[in-house]
Structures are given as C-alpha cells and as structure tokens.
C-alpha cells in the first residue's frame, strides 16, 4: 500500500501537477431512499421504464447535493409521481437552475399531477395534459425572472418555502375571469418592479426603468389605460408570460428578428384590428407585416439575419410606439440614412415636397414595403419613378428629365464598366499577371458607384459629378492598367515563342549531330 | 598559335597536375547497355537530375528576394511574382519543376523496380534512390509552407498533425516539427532552414553518392546478361540524347510556366497565392496536400478512430511504414532477382503498388462524389466516390494487364489481382476500404501459398516474367 502511494506521488511529481494541490475530501456516496429508488425504477403499464436511460444517466451525473434535494422532495411528497420526476429530469437543467427549481415548493407542487388539475398543472407538454399553453414548464425554467431567482412568488405573492397556499396570493392576484377580460391592471403590476430603480438595481442595474412612463404616452397605452381597451397591447402581449427571456436572446419575443412576428400577431390579424382607424378615418390596414417581409429591410433582417436592419420598433419606437407623422418620417429614416437626408435637404425637391405635403423619403421609397433601389428608377420607361412623377407634376420642366437621363446614363456606364473590370481581374489572375492594382481600382469603382447613387438625392448635376467624375477617372486608369497587362502578356507570349524557336532549332541541330555521329560509327557487334 | 594547339597545351598542363586522361578514357569507354526493353527508361534519372538543377537555380533566384517572417513571407512572394522582372517565371518554373521532378522520380523508381535494376551489385543504388525520393517529399512538404498563405498554412497544420500518431514520440515530434504546439511563424523558420539548407546539402551529397555508384558499376544491363550484348557510347551518343531531352524539358517548363502559371488547377497541384495565412481564421474545408501525399491522406481517412486496441491513425502510419520499408528492402526480398532469375511476383508487386496508389489518389480527389462546394456545405458521397474510382481503375488495370500479357508475356498476377479485387469489393460491393483490403490480402496470401506449394512439387520453372 505504501509502495503504491509512493508511486502515485512520484508519478504526480513527474507530471508536474498535483504535487502541491491539497488533498480533496472524498465525496460522500449518495444512497437514494426507497421512495426515490421506487420512482427511478417505476415502469409504465406497458412495461417500459418511466425514467428513460439518458434521464437516469443525467440523474447519476448530478452532484450529490442535488440528488439529496430530489430525495427530500420525494420524501415531502412534493414530487408525488414518477411521471413528475421524469418531467423534471427531462428538462436536463444544469445544477444552478435545477437548484432553484428544487427549492421552489410552488413549482414542485404545481408540477405534481396528483395534486393539480389541468388548469393549474405545469407540464413539459401542456397540450397532452390539457393545461393552458402558458403553463409550459420548459419555458418557465428558461424565464429570465426565474433564472434570477424571482420565481412564482415574485409576482403571485406567498413564499416558495411554504408548503401550502397562503391568503396573500389571493389578495395580490385579481380574480379570474376578471383578470382575463380586463388587462388594464397589467402595466402597473409589472411597473411595481420595472419602474422602480431601487428594485431593478438588485437584478439588472443596466435596464431602464422608464418603460411604464413611455407606455402611458404610447398609442397602446392610451387605448388601454385611457379608453379601457383590453385588446390594446400591454407588457404581456409583447414579452409573454412564464417564459420571458432576455431581449438579447434570439428566442425572446422582442429580439429584433422576432419583433415583426410579435407586432404582426395583432397588426396582421384583421379580426383583431377590426374597428381601429387611421387619423383620417380609414380602417387601419393589416398588410404591414406582409409588406415588411418583402421589403429590403425585412429581407435583410429576417432572411440574412442582419441585426442592423430596422424592425418595427426601430421606426415606431417600442414602449412609446406611435405611428410617425409625415413630418417625422424623414427624421426616422435619417437615423440610418443620414447622408441621403442631408443631400435631400439641400435639393429643390425638398421645397417641392413641402409644398405638396409629401412625406419625403416615403414618397419615393414607400414605408413598410421599401423595395431595393434600382438604377431603372431613373430611366425613361413609362412606369419608372422619376419619369412617372415628373410627367404628372413637372411636365413643363424638361430639365428635370434631362437630369434624370444624365444620372441614369452615368451610373449605368459606371456599373457596366465595373462589371467588365471585375471579370478582367479574374482573367489577369488566371494568366499569372498582377491583378492587385485592377482589383483595388474595382473596389474604388464600387465605392464611387455607391456614392454616385447616393448623390442623386441632391438632384443636382454638379453635386453628382463631384463623385461620378472620380469614378470616370478610375475607369480610365483601369483601362490603362488592362492595356499594360495585355502588353506584358504579349511580351511574355512572344518571349516564349522565341525561346521555343531557339530551343527547337538547337534540338534539331543536336538531333542532326547525333545522326551524323552514329552514321559515321563503325557497325558494332 | 592555333586554337587547337592552345587547347592541347592547356589540357596537357591540367593533365600533368590533375591526371585528367584516365577520366577522359573512362568517359570514352563508358557504354549504356541496350537490351530488349526500351532505353527510354535510362533517361528518367537524368530528367530528374535536370529538374533538380532547375530547382537549385530557380530556388537561389527566389532566395534573393524571399524574406521569411510573419510580415514578409507572403508579401515577398507577392513582390517576386508581381514586381521583380521575370519573378513570375522563376516562381512558376520552381513550382512546376518541383512537381515534374517528383513525377519523373516516381516513374524512374517504378521503371527501376520493373526492370529489376536493383539486382546485385546495385542494391545500395536503389536504397540511395529511395532515400533521395524521401528527401524530395521533404522538399515538397517544407517548401509548401514558405509562401505563408492560407492554403499552405492549413495544409501544413493538417500534415504535421498526423505525426502525433507516432507511438510514444508523437507529441514530441510534433513539437520539434512545428517549433511549438501549433503551426506558427517558428514552423516557417524551421521549414525554411530545412528547405534551403539542410535538405539541399543532404540531397546534393546523396545524389553524388548515387551517381558515383552508377559510374562505378555502370548502368544496369538487361536481366540475364551480366554484360549487355551491345551498348551505346555514353559520350557523345547518350549525353547528346540527354541534352536533347533536357532541351525539351526546359521548353515544356517555360510553356507551362506561362500558360498555366498556377498549375493545372487540380487539388494538390496548384500554387495560387490566394490570401495570406491567418492563424485565427477557421480552417476551410476540403484542404488537400500535394498530389504525392494524397494516397497517405486518403489512407488515413479510411481508418476508423480505433482498431485492434490502437488508434486508427497510428495503425495507418504503421502500415505506411511497413510498406515503405518493404519497398526500400526490395533488393534483398527479391531473392530470385538476386540469382538473376525471373521474378514475376515482384514485377506484379510493382504493378499492384501502382493500382493501390492510383485508386487512393483518385479517391482523395473525391471524383464522382458530387457536392463538395467551396464552403463544404455538401460533403461528397464516399460510396459514389469509391464506385466512380473503381470504374476508372478497372479499364486502366485491364489495359495494363493486356499489355503485360501480350507484350511482356507476364503470367503472374496475384498482387495486381488482389489490388484490383480490393478496389472492386470496396467500390462496387460497398465493403469498407479496410474490410475489402483484408479479404483481398487473405485471398492473395492463399494464392501465393498454393503457388509456392505447386512450385515446390513441380519443376522450379515459372512462366514468363521480365
């Protein structure tokens, strides 16, 4: 024995580890009680084990402390059935959240099918148990409040340590069914914590506490609080209940990629929106979500996952959501498209749009269904943007169409040249020529092209040419680069041809010499 | 004084001091043996030497501008190919010549194998040739990293990683090879030293030994003749023919360097600079080594993670080592050739080796696998790859076998048949590569056993063979 210890020490010293580490106390082996063992080994009427092999393996891998908590919960009959144990194990929670769950008598009791009816039973699969969908156990244990230790009692009152129900729960919580038909109490209820900096500091000091104040000023808040319209969205409508995740989580209902769906749940539902009207008395449309999904913004956000693209709340606000008025639409667009906004401000169009009461950007680009811009918007086709508008509103000013034609011709020429140079870069690389200068020129051209398209918003030739001329100079430079490369390749090819001719001649001479030598040699035996 | 008299007196002056006359006499009398087989095979060694010379010359020219270093390796190669006059030609010729050198070396080695030129007393010429082949592979592996581009970086990371499988010394070897646990600029420094200093010294020394052996013993005459019945004058006939071949080689090299500056575009035979290496970037899929390493790369892929209580890569390296050792020891293993008797089994072993290498190399290219896009979104289907490669090998093998039967009168096909059966079982019957290999090996063993028994019973004559 001593020899083995010595050997182990020697090996540890050789490995250079462990020699200085203090010896860890041997963990106490966990022995499950008979009741827990019975649950773990229970079988369904079909003979199949209720606790599956992977769940048993998960249980075995838990720290002894968590196993003891399970044992205690079974002993107290808070876990009252093998199926309840199976549901808890199937969550596969890490030790931290599992500890919270096993500490929470409310949750243990409300997952016990022996104690609860379908209306109050939390379950992994509420549909199978006939429970309402908000009693999803899997969602609840992912809730941001639960993960911060603010479980059932945080909202419903009572204490998670108490085994029975207490009056406080009934006092704090509105009676059903009133609480389902009248939702006006919800914002103030959430605001008890979320509008209180002293409370929020304990859980998330970085989170603002002005949501309730903003909400009261929003159209949703006005409808709910001033008019008692419980169809209007409140906290739960957007954030959910019993499964609220951090807004940064991709599964949160208010994550940028989920926001269109969350807003659309009401705003794309014609039945829900029936009766609501715009300021000018028209029925409020419900096609915003469909339009947005097809728009350049919607595609960027929903298809490419580009979180820089705006969702509903980026233009309308979130807690203070209001429809932007004509005067403010352009300001909303300018939060991202600032340069185009500045160019437009200095243009003749600015005054014309103001005269007609047109909503600057939205007049040409639309609002929810903003399509990707195309150079064809500038051409002279019957339905092209510039031409159609000018024919109707500025038919007496031929200069406008000329300018649009100039923009269109300049941009399409630059775009065509850029595409041809791009393919030339590949051709140069394939021929082993230096493609870097042309590659840089093409990048420059792309940049110039983008800037030229942006400069159109000044609706002024000299503003436009300040950038387009730079592009034209790069086109000239690129042509010279290609001509030089072609000359270099011709030089190489001609050099090769001369070399082949010389070596071929030399080879012929050699061959002739070999024949001459061998014809002069006497025949060998 | 006429120029003839001046040359004569210069020669006399040198001869008096350095005894050149015997050397001249040796060259005059030296003959290249001519046999039944084509004498084209005798030129392959010379062609390999020519490409090696091109490597030295172009390598020295590259060395004048190349600067090893994290911030300079890639940049200096880019500078060489874009700014230095004729730098593009030098780099392209260096790369093309490297591949052509290894290709001619492989053909030279296999022709030596098939013609049994390793027969006594030329065993050590074979061994030095084998070591030179290994050094050439070392040149390829070390030179690949020097441009410090993305492809080279990741291919070297994968290539060096396989050394880990060497029993006991694996991790230590990996550290030595990489100069640390990962491929870093330290790896490049040691690969640079290896490529431009250590390997050239060893190679030049060993080429000298190889050539001295050949000069001392002469070129191997055809089997059955200790001295060839007729010969070709080494000087000037053979030397002029050699020069003619070199002229063709240099012209081909120039044309290839201009027309296909970055290689033919096949994975393992390309050297486009691409992007600079970024050790923090994720490795992109589909990284393949140079074509002459593809068979080992594919063999490693065929092994499962664990087999017979050993790690798959370990077992694979053991197999490769055993095969290489057997190859190096062929002059001693081929006892019939030692007695100057026909040894058809070893001819067939050479053909089987070609089938084995070709099949693995084709598989490594994922031919017929579909998918395998640049992003690796769709992996090639291994069953379809095996099926297609077996279909390519089958007609190739049939043509070779017909040629052997009709022209060379070969009658011994156990090894080549086993290699073919291996490919067929794997490609068409869907057996795993190793499973099919095991079945083919067992059947080949049985066939050899039966052949040996028959040979012992009957007269010791075996039909045909070179």
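The values are calculated or read from the model by the stated rules, or taken from the named source; none is laboratory data. Worth saying up front: this structure is predicted, and the values here are computed from it rather than measured. Don't worry about glycine lacking a Cβ; one is built from the backbone with ideal geometry, like all the others, and counts go over all protein chains shown.
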Please specify each residue of the range B:179-205 satisfying the condition of being buried (at least 16 other Cβ atoms within 10 Å of the Cβ) and either modelled with pLDDT under 95 or not assigned by TED's automatic domain parsing to the domain that holds residue B:315 (or both). B:179, B:183, B:185
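Could you check, for the range A:482-491, whether at least one of its residues is closer than 30 Å to residue A:442 by Cα, in the same structural domain as residue A:440 (by TED's automatic domain parsing), part of a helix (DSSP H, G or I) and touching a residue at least 60 places away in the same chain (Cβ under 8 Å)?
Taking the range A:482-491 and keeping what is closer than 30 Å to residue A:442 by Cα, we get A:482-491.
Okay, now just the ones that are also in the same structural domain as residue A:440 (by TED's automatic domain parsing), so A:482-491.
The next check asks that each one be part of a helix (DSSP H, G or I); those that pass are A:482-491.
Filter once more, keeping what is touching a residue at least 60 places away in the same chain (Cβ under 8 Å): A:482.
So far as the range A:482-491 goes, yes, one or more of its residues are closer than 30 Å to residue A:442 by Cα, in the same structural domain as residue A:440 (by TED's automatic domain parsing), part of a helix (DSSP H, G or I) and touching a residue at least 60 places away in the same chain (Cβ under 8 Å).
Do we find that residue B:34 is farther than 14 Å from residue B:146 by Cβ and surrounded by fewer than 20 Cβ atoms within 10 Å (Cβ to Cβ) in this structure?
Working: farther than 14 Å from residue B:146 by Cβ: yes; surrounded by fewer than 20 Cβ atoms within 10 Å (Cβ to Cβ): yes.
Criteria met by residue B:34.
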Return the residues of the range A:367-378 that are touching a helix residue (DSSP H, G or I) at 6+ places or on another chain (Cβ under 8 Å) and assigned to a loop (DSSP other than H, G, I, E, B); say none if nothing qualifies. A:367, A:368, A:369, A:370, A:371, A:372, A:373
Answer from A:490, A:470 - the residue that is more than 10 Å from every other protein chain (Cβ to nearest Cβ) and either out of contact with any helix residue (DSSP H, G or I) (no Cβ under 7 Å at 6 or more places or on another chain) or surrounded by fewer than 13 Cβ atoms within 10 Å (Cβ to Cβ) (or both): A:490
Scanning the range B:228-238 residue by residue, those assigned to a helix (DSSP H, G or I) and within 7 Å of another protein chain (Cβ to nearest Cβ) turn out to be B:236, B:237
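Can we say residue B:69 is over 26 Å from residue B:293 (Cβ atoms) and within 14 Å of another protein chain (Cβ to nearest Cβ)? First the steps, then the outcome.
Values: over 26 Å from residue B:293 (Cβ atoms): yes; within 14 Å of another protein chain (Cβ to nearest Cβ): no.
Against the criterion (over 26 Å from residue B:293 (Cβ atoms) and within 14 Å of another protein chain (Cβ to nearest Cβ)), residue B:69 does not qualify.
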Residues satisfying the stated conditions in the range B:239-271, i.e. modelled with pLDDT under 90 and either within 10 Å of chain A (Cβ to nearest Cβ) or out of contact with any helix residue (DSSP H, G or I) (no Cβ under 9 Å at 6 or more places or on another chain) (or both): B:265
Pick from the range A:157-171, criterion surrounded by 14 or more Cβ atoms within 10 Å (Cβ to Cβ) and closer than 30 Å to residue A:223 by Cα, ranking: nearest to the chain's Cα centre (by Cα): A:157
Report those helices (runs of 4 or more DSSP H) wholly inside the range B:70-180 carrying at least 1 residues which are within 16 Å of the chain's Cα centre (by Cα) and more than 21 Å from residue B:330 (Cβ to Cβ). B:87-114, B:123-145
Given (1) within 60 Å of the chain's Cα centre (by Cα); (2) more than 7 Å from every other protein chain (Cβ to nearest Cβ), index of the condition residue A:509 fails: (1)
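Restricting the search to the range A:438-470, which residues are touching a residue at least 60 places away in the same chain (Cβ under 8 Å) and part of a helix (DSSP H, G or I)? First the steps, then the outcome.
Restricting attention to the range A:438-470, the residues satisfying the condition of being touching a residue at least 60 places away in the same chain (Cβ under 8 Å) are A:453-460, A:463.
Once the filter is applied, which keeps residues that are touching a residue at least 60 places away in the same chain (Cβ under 8 Å) and part of a helix (DSSP H, G or I), the range A:438-470 yields A:453, A:454, A:455, A:456, A:457, A:458, A:463.
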When you scan the range A:377-400, do you find a residue that is surrounded by 18 or more Cβ atoms within 10 Å (Cβ to Cβ) and touching a residue at least 60 places away in the same chain (Cβ under 8 Å), even just one? yes
Going through A:519, A:478, A:452, A:485 one at a time, which residue ends up being within 12 Å of chain B (Cβ to nearest Cβ), buried (at least 18 other Cβ atoms within 10 Å of the Cβ) and either within 29 Å of residue A:416 (Cβ to Cβ) or over 39 Å from the mean Cα position of the chain (by Cα) (or both)? A:485
Whether any residue in the range B:409-422 is assigned to a helix (DSSP H, G or I), loosely packed, with under 14 Cβ neighbours inside 10 Å and out of contact with any helix residue (DSSP H, G or I) (no Cβ under 9 Å at 6 or more places or on another chain) is what I want to check. no
Does residue B:219 qualify as being outside any helix (DSSP H, G or I), touching a helix residue (DSSP H, G or I) at 6+ places or on another chain (Cβ under 7 Å), facing chain A (nearest Cβ under 10 Å) and closer than 30 Å to residue A:511 by Cβ? no
Meets criteria (assigned by TED's automatic domain parsing to the domain that holds residue B:242, without any contact (Cβ under 8 Å) to a residue 60 or more places away in the chain and more than 27 Å from residue B:246 (Cα to Cα)) for residue B:74: no
Quick one: which helices (runs of 4 or more DSSP H) sit completely within the range A:177-242 and have at least 3 residues that are farther than 17 Å from residue A:319 by Cα and without any contact (Cβ under 8 Å) to a residue 12 or more places away in the chain? A:178-181, A:197-203
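I need the full set of residues from the range B:272-298 which are more than 14 Å from every other protein chain (Cβ to nearest Cβ), within 20 Å of residue B:78 (Cα to Cα) and surrounded by fewer than 18 Cβ atoms within 10 Å (Cβ to Cβ), in order please. Don't jump to the end; show me each part of the working.
First, the residues of the range B:272-298 that are more than 14 Å from every other protein chain (Cβ to nearest Cβ): B:277-298.
Okay, now just the ones that are also within 20 Å of residue B:78 (Cα to Cα), so B:277-279.
Once the filter is applied, which keeps residues that are more than 14 Å from every other protein chain (Cβ to nearest Cβ), within 20 Å of residue B:78 (Cα to Cα) and surrounded by fewer than 18 Cβ atoms within 10 Å (Cβ to Cβ), the range B:272-298 yields B:278, B:279.
Checking the conditions here, which among A:113, A:97 is assigned to a loop (DSSP other than H, G, I, E, B) and either in contact (Cβ under 8 Å) with a residue 60 or more places away in the chain or surrounded by 13 or more Cβ atoms within 10 Å (Cβ to Cβ) (or both)? Spell out how you get there, then give the answer.
Values: A:97 fails: assigned to a loop (DSSP other than H, G, I, E, B).
Exactly one of A:113, A:97 is assigned to a loop (DSSP other than H, G, I, E, B) and either in contact (Cβ under 8 Å) with a residue 60 or more places away in the chain or surrounded by 13 or more Cβ atoms within 10 Å (Cβ to Cβ) (or both), namely A:113.
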Suppose we filter the range A:342-363 for residues that are surrounded by 17 or more Cβ atoms within 10 Å (Cβ to Cβ), outside any loop (DSSP other than H, G, I, E, B) and in contact (Cβ under 8 Å) with a residue 12 or more places away in the chain; how many remain? 6
Residue count, the range A:388-437 (criterion: part of a helix (DSSP H, G or I) and within 14 Å of chain B (Cβ to nearest Cβ)): 8
Any idea which of A:142, A:133 is at pLDDT below 85, within 28 Å of the chain's Cα centre (by Cα) and over 23 Å from residue A:74 (Cα atoms)? A:133
